[in-house]
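Here the structure comes first, spelled out in C-alpha cells, and everything after it is commentary.
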Amino acid sequence: MSELSSALANLEEEKVARIIKQELGTGKDSMGVLTELRKGMDEVGQRYKKGEYFLSELIVSGEIFKDAMKVLEPTLKKDGGGPATKVVIGTVKGDIHNIGKDIVATLLKGVGFEVYDLGIDVPVKAFVDKVVETKATIVGMSGLLTPSFESMKETVDALKEAGLRNKVKVIIGGGVVTELVQRHTGADAFTDDAMEGVEIIKKWSAKSN
Amino acid sequence: MIKETMTPEQRVMAALRLERYDRVPVIPIIGQFATRQYKLSRKIKDLDTWQSIEAIRENFDSLGGYDGKIVAGLAWPISTWRTNAPKGKRVLPGEKGISEEFSVQYDEQTTMTVEDYDKIINKGWNAFCEEYFPRVTGLSLEEIERRNKELLDIYLKDAVYWKQRNIPIIAGALVVSCEMTLSLARTFPQFTMDLHRMPDKVQAALEAMVPDFIDNVLRDTKASGVPWVHISLERGSGAYYNLKTYERFFFPQLKKIVDAMVDNGIYCWLHMDTDWTLNLPYLRHLPAKKCICNTDSITDIFKAGEVLKGHMCVMGDVPPSLTKLGTKDEVVQYCEKLIDVLGKEGFILCSGCEVPIDARFENVRAMMDTARNYYPHR
C-alpha cells in the first residue's frame, strides 16, 4: 500500500490532506491519487470485516474521503476514468432517516461506484425515473420504520411495471429490515449493516462486468 | 391459561430480582400503536392528550391486559427537558408531505457547536441548558418549565388510574445516556468526528454532564413517585464504536449514573437499541438484580441471557418486522422460544423497541396471550 492509502486506512486526516496536496503539486494525475484513496477505502473495508474497525471508523474514513474528493473533483473530469457501475440510492417515501443511507453512499463512492443519491423521503417515481435516466443496474433503498416496508414494496412493484425489474438488482437496508421484509418487498437482498451492503453490491457489480 | 398467583407488580419485581415467578411477565412498549388502533389522527392526539390516554387504556383491555406500563401519560413527557437534548426537528405524520401512516420522526440537525463542549465543561450541563434550550427551541425557560409541569400533571393523573388497576409503571424518569445526548445534539457523524478530532474535550464534557444528570433523574423520580428510571442507550453500542472507545468514553458515565441510582433505591431500565452483543459483559459490572437489560431484536438476546445469567434481568425482543409482517403462529413460536430459553427466571417478554404503529393487532395480542398461557418451567 502507498503512503496515501495507508494514511487513509489509518484514519490520519491531516496526513491524507498533506500527501494529496504534495502529490497534486508535483504533477501526479488526480485519477492516480483517487486510485490510491480507493485502495485505502478497500483496506478500511477489510479491517471492518475482520472486526478491527466499527461503524465509527467507516464514518471517519468516509469523511476523510469526502474531503479529499472536494480537492480532487475539479480535476477528475479532465482526467476521465473508466465506466463505473451505477447505483441509485435513497431513503424511501415517508421516511426521513438519512444516516445509514449516507454512510452506504459514501462507502460506495469510496470504492468506485457512480452513486446517484436521491436523498430522503424519495417518491416511488423518482427511483424509477432515475434508473431510466442513468441506466443504473443497482437500486439501494433505506428505511428505519415499519411503514417504509410498504414504500419499498411499491418501489419494487413500480420497477416491475416499468419493465426494469430484470435489469436492476435491488437491495434494502435499515435497522429493522429482515428476511421477512425482503420477501414482502420483493427485493433481491437485505442488510442491517452498511459494509455488508457494500459487499453485496460489489459482488453484483463483479458478476455483471 | 396459567393459574396466576402473583400480582403484576410482584411478577415484575420477581423478574428484576431473578426470583421465581408464576409466569413470565409481559410489558410491551406501546404508544402510537394504541392510538392508531383507535384511529386517532395525530392532530387529535396533539389537541387532546386525554383521548390518546383513553385509547391506550382501551387498547390495554383489548389486548387482555399486560403486566406493566412503560410510563404514565403519553410517551415520555415526564422527563425533565434537561435530560433529553433536542434532536433536530420533530416531523409529525401528515407534515412535510409525510404520510399519516408513519410514526413521529426526527430530522436530525446539529444543534450544538464545538464551542459548546467548553461551556458544558466549564459550567456543567444544567447551566449550559439554560442557554442551550431556549436557543434551540425558541422558547423561554419559563415556557419550557410550564410545559414540563403540564406534562407531569398528566403523568400523575394517569398514574393514579394504573395504580388503581394494580399495574406497575416502570419509568418514573427518563434519561438519555450522556453520549447519546451529545450525539443527538451534534448529529451522529459529527459527534463521531469530534471523538476522532478532539477526544480529550469530548471526554471532559461527558464527565461534566454526569453530576447534573444524576440530580435531574433523582428529582424526576421524586416528582413522579415511581422509583424507576428508563436509561435510553443506543449510540454508544458496539454497532457504532469499538470497545476501547466504549471503555474510555461511555461506560464510565453509565456506571456512575446507575450506581448513583441504585444507591438511592432507584431501579434502572436500560433500553438498549441497536446491537449491544459485544458490550454485554460490561453490564456485569453494574449492580446485580437492580437493572433490566432491554434489547430491541438487534442484539443477540439469547447471548444476553447467557452473559447476564444470575446477574441481570433480560427484557425483549419480539421484532417489529414480525409483529407487522409475520403470522400469529410465527409470533407465538418466537415468544415460546424466548420463554423456553430465557424465561425460567429473570425475563420479561417485550416488543423489540416500540410495537410498530402498523403492527397487526392479532400478532400483538398473540404476544400477550403467549405470556399468559405458556410457562413450561413451573
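FYI, it's all coordinate maths here, none of it is from the lab. Everything numeric in this text was worked out from a predicted model, so none of it was measured. FYI the Cβ positions are ideal-geometry reconstructions off the backbone, even for glycines, and counts take in every protein chain you see.
Before moving on, here are some points about what is shown:
- If R0 equals 41 Å, the separation of the Cβ atoms of B:Arg378 and A:Lys125 corresponds to a calculated FRET efficiency of about 0.10.
- Mean sequence separation of contacting Cα pairs (under 8 Å, at least six apart), scaled by the length of chain B, corresponds to a relative contact order of 23 percent.
- Fewest-first ordering of A:Thr35, A:Thr134, A:Thr91 by other beta carbons within 10 Å of each residue's beta carbon gives A:Thr134, A:Thr35, A:Thr91.
- In terms of other Cβ atoms within 10 Å, B:Thr5, B:Thr323, A:Thr137, A:Thr106 run from fewest to most in the order B:Thr5, A:Thr137, A:Thr106, B:Thr323.
- The label-point distance for A:Asp157 and A:Lys207, in a model that sets each label 7 Å from Cα toward Cβ, rounds to 2.6 nm.
- Of all aspartates and glutamates in the structure, those lying under 20 Å Cα to Cα from B:Lys157, and not within fewer than 8 positions of it along the same chain, are B:Glu9, B:Asp46, B:Asp48, B:Glu54, B:Glu58, B:Asp61, B:Asp67, B:Glu145, B:Asp220.
- Kyte-Doolittle at least 1.6, axis length at least 30 Å by Cα - qualifying DSSP helices, chain B: none
- When cysteine pairs in the protein assembly as shown are screened for C-beta atoms closer than 4.7 angstrom, the residues that find no partner are B:Cys129, B:Cys178, B:Cys293, B:Cys313, B:Cys335, B:Cys350, B:Cys353.
- As a proxy for reagent exposure, B:Met272, B:Met112 were ordered by neighbouring Cβ count within 10 angstrom, fewest first; the result is B:Met112, B:Met272.
- Choice from A:Gly119, A:Gly32, A:Gly163 showing the highest fluctuation, given a GNM over chain A with Cα pairs closer than 10 Å: A:Gly163
- Ellipticity at 222 nm from helices only: DSSP H runs of n ≥ 4 in chain A, each -39500 (n - 2.57), divided by the residue count, give -19000 deg cm²/dmol.
- On the basis of the beta-carbon distance and an R0 of 35 Å, A:Glu52 and A:Lys167 show a calculated FRET efficiency of 0.40.
- The calculated FRET efficiency for the pair B:Arg57 and B:Glu306, based on their C-beta separation and a Förster distance of 41 Å, comes to about 0.60.
- Annotation: extensible slack from B:Leu139 through B:Lys123 equals 3.6 nm (criterion: 0.36 nm per residue apart, minus Cα-Cα distance).
- Beta bridges per DSSP, both residues in the protein assembly as shown: antiparallel share near 5 percent.
- Bridging of B:Lys256 to aspartates and glutamates at a Cα separation below 14 Å is possible for B:Glu179, B:Glu207, B:Asp212, B:Asp215, B:Glu247, once same-chain residues fewer than 8 apart are set aside.
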